[in-house]
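Here the structure comes first, spelled out in structure tokens, and everything after it is commentary.
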Amino acid sequence: MPTGKLSLLLVTSLLAGTVSGAGPGNKPRSGYEFLSPETRDMQEDEFSNPGFQTVDEGAELFITAGENGKSCASCHGDRGQKLKPRNIASYPVYSEQLEKPVTLQGQIHRCWTERLGKPAMKYDNKDAIRLETFVRNLAEGRRIDVETGGPMRPYYEAGREFFYKPTGQLDMACAHCHEQYVGARLRAQVLTQGQSNGFPTYRLANNRVNSLHERFRQCQNLLRAQFQKAGSDDYINLEVFMHARSNGLRIETPAIRF
Amino acid sequence: MNRYIPVLTSLALAALFSGSVPGADQKAAPESVDYIKWQAAGYAIAKPLGSLTGDPAVGRKLVVDRKKGNCIACHLLPVPEAEFPGTVGPPLVGIAHRLSEGELRLRVVDIKQLFPHSIMPGYYRNPENYINVKKKFRGKTILSPQEVEDIVAWLTTLQ
């Protein structure tokens, strides 16, 4: 098929909302590819990447004893070495017990309350983000591999629907910017695929580590849409879809982005 | 006054649309009760909204105002002082050569009448068509009829 026809087909099927992942024939591309050489160097060098401060804070919490005298380290090793990077890269996973998907941060909350006996934290509480950044960083370099079949399917589909639905007063879908116009400039900002492989991510725009759900809120706010609380069911579904859409990309936590 | 004063530092560009400035333009957007019905024919809206007269000098400001038209986010415009025009939409330089006043009006009011899946916002689209709008913008159009006419008046000068 001539490429002209193919791309026309791609655009039509995007608009009909039938494209999955980054779109057929559209390889997922990390936001890293769109960074300047200086920002790439900054991300790569542990000493100049400011996201590592959050990793260190997470490491500190990891070895801090909870109400029952135990710390995360008691079960998972001082530096989390007993946690399997392969498993970390597969989150969100389906929990038979809860009968729904659990995000990596969700699992950390469970261990926090159930295994350390600590009072529950809000989703995206600063300490929860610190721990998540530390744990995800343990899997840096692993390829994301999220299950989309079986019991995960309906959640993946719900997240996908969210991604393709135009909302807000500006009436745009995530796919408009992160699929249809990748590489174009929105004012000075080059649009990327909006991949999730670097999260939690250090943003130069606000000089701190941002969770994935915070980024959802920021982008929805841009569209003048009613954004939700971090950890909402819609955002969990969207996280399932977004991470699955990043399948195959290497984890870069803590990535640096604008 | 809630008119935006453009501050063009590279960081200010992070806030591409006004959503990130809570409460700033609460009073600026018109209420839905004021919504003026319009009619498109031949891919154009021939008559000005509410029979208003646009001011091209005001229009020129609105197209680069991040809280108003913000057309510059996506289009190259002949406004040299506005840096870093976007490349999402086609350049609008000389657009009045190709499109009549009425055709320009329909594109600003509700381009989705022509391209149902366009990324370009409908600046005077019936607010009933929007889904999941943030509270302070609910029931409101992006621009007032006067602002639409100001922008259309400026666009017709782009010969």
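The values are calculated or read from the model by the stated rules, or taken from the named source; none is laboratory data. Please read all numbers here as calculations on a predicted model, not as lab measurements. So basically every Cβ, Gly included, is an ideal-geometry build from the backbone, and we count neighbours across all protein chains shown.
Per-structure values
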item: Long-range neighbours under 6 Å by Cβ, at least six apart or interchain, first residue outside any helix (DSSP H, G or I) within the range A:63-78, second among the β-branched types (V, I, T); result: A:S71/A:I63; A:S71/A:T64
item: A:Q43 vs. criteria surrounded by 19 or more Cβ atoms within 10 Å (Cβ to Cβ) and part of a helix (DSSP H, G or I); result: yes
item: Extreme residue, nearest to the other protein chains (Cβ to nearest Cβ), among residues of the range A:166-182 that are in contact (Cβ under 8 Å) with a residue 60 or more places away in the chain and either among the polar types (S, T, N, Q) or under 15 Å from A:G31 (Cβ atoms) (or both); result: A:Q180
item: So A:G23, is it modelled with pLDDT under 95 and either in a loop (DSSP other than H, G, I, E, B) or β-branched (V, I, T) (or both); result: yes
item: For B:T156: the one exception among (1) surrounded by fewer than 24 Cβ atoms within 10 Å (Cβ to Cβ); (2) within 14 Å of another protein chain (Cβ to nearest Cβ); (3) of a type in the set (S, T, Y); result: (2)
item: Extreme residue, nearest to B:A40 (Cα to Cα), among residues of the range B:80-101 that are crowded, with 16+ Cβ neighbours inside 10 Å and more than 12 Å from chain A (Cβ to nearest Cβ); result: B:E101
item: From A:R153, A:R143, A:R136, residue being of a type in the set (K, R), closer than 15 Å to A:I236 by Cβ and either under 14 Å from the mean Cα position of the chain (by Cα) or in the same structural domain as A:R208 (by TED's automatic domain parsing) (or both); result: A:R153
item: Which numbered condition A:A173 fails, given (1) touching a strand residue (DSSP E or B) at 6+ places or on another chain (Cβ under 6 Å); (2) closer than 22 Å to A:F34 by Cβ; result: (1)
item: Residue list for the range B:43-80, filter: assigned to a helix (DSSP H, G or I) and out of contact with any strand residue (DSSP E or B) (no Cβ under 9 Å at 6 or more places or on another chain); result: B:L49, B:G50, B:S51, B:P56, B:A57, B:V58, B:G59, B:R60, B:K61, B:L62, B:C71, B:I72
item: Number of positions in the range B:110-149 that are outside any loop (DSSP other than H, G, I, E, B) and either over 15 Å from the mean Cα position of the chain (by Cα) or surrounded by 21 or more Cβ atoms within 10 Å (Cβ to Cβ) (or both); result: 12
item: Candidate set from the range A:208-233 (those that are in a helix (DSSP H, G or I) and more than 14 Å from the chain's Cα centre (by Cα)); member that is surrounded by the fewest Cβ atoms within 10 Å (Cβ to Cβ); result: A:D233
item: Residues within the range A:197-207 that are more than 13 Å from chain B (Cβ to nearest Cβ) and assigned to a loop (DSSP other than H, G, I, E, B), tallied; result: 4
item: Residue under evaluation A:Q189, criteria (1) at the interface with chain B (Cβ under 9 Å from one of its Cβ atoms); (2) closer than 28 Å to A:K122 by Cα, criterion not met; result: (2)
item: Qualifying residue in the range A:109-117 (condition: of a type in the set (S, T, N, Q), under 17 Å from A:I236 (Cα atoms), modelled with pLDDT of 95 or more and not assigned by TED's automatic domain parsing to the domain that holds A:S246); result: no
item: Hey, A:N207 in contact with a strand residue (DSSP E or B) (Cβ under 9 Å, 6 or more places away or on another chain) and either in contact (Cβ under 8 Å) with a residue 12 or more places away in the chain or more than 30 Å from B:N126 (Cβ to Cβ) (or both) or not; result: no
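Here is a yes/no grid of residues against (1) under 15 Å from the mean Cα position of the chain (by Cα); (2) touching a residue at least 24 places away in the same chain (Cβ under 8 Å):
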site: B:D55; (1), (2): yes, yes
site: B:G59; (1), (2): yes, yes
site: B:R66; (1), (2): yes, yes
site: B:G69; (1), (2): yes, yes
site: B:I72; (1), (2): yes, no
site: B:L77; (1), (2): yes, no
site: B:E81; (1), (2): no, no
site: B:F84; (1), (2): no, yes
site: B:T87; (1), (2): no, no
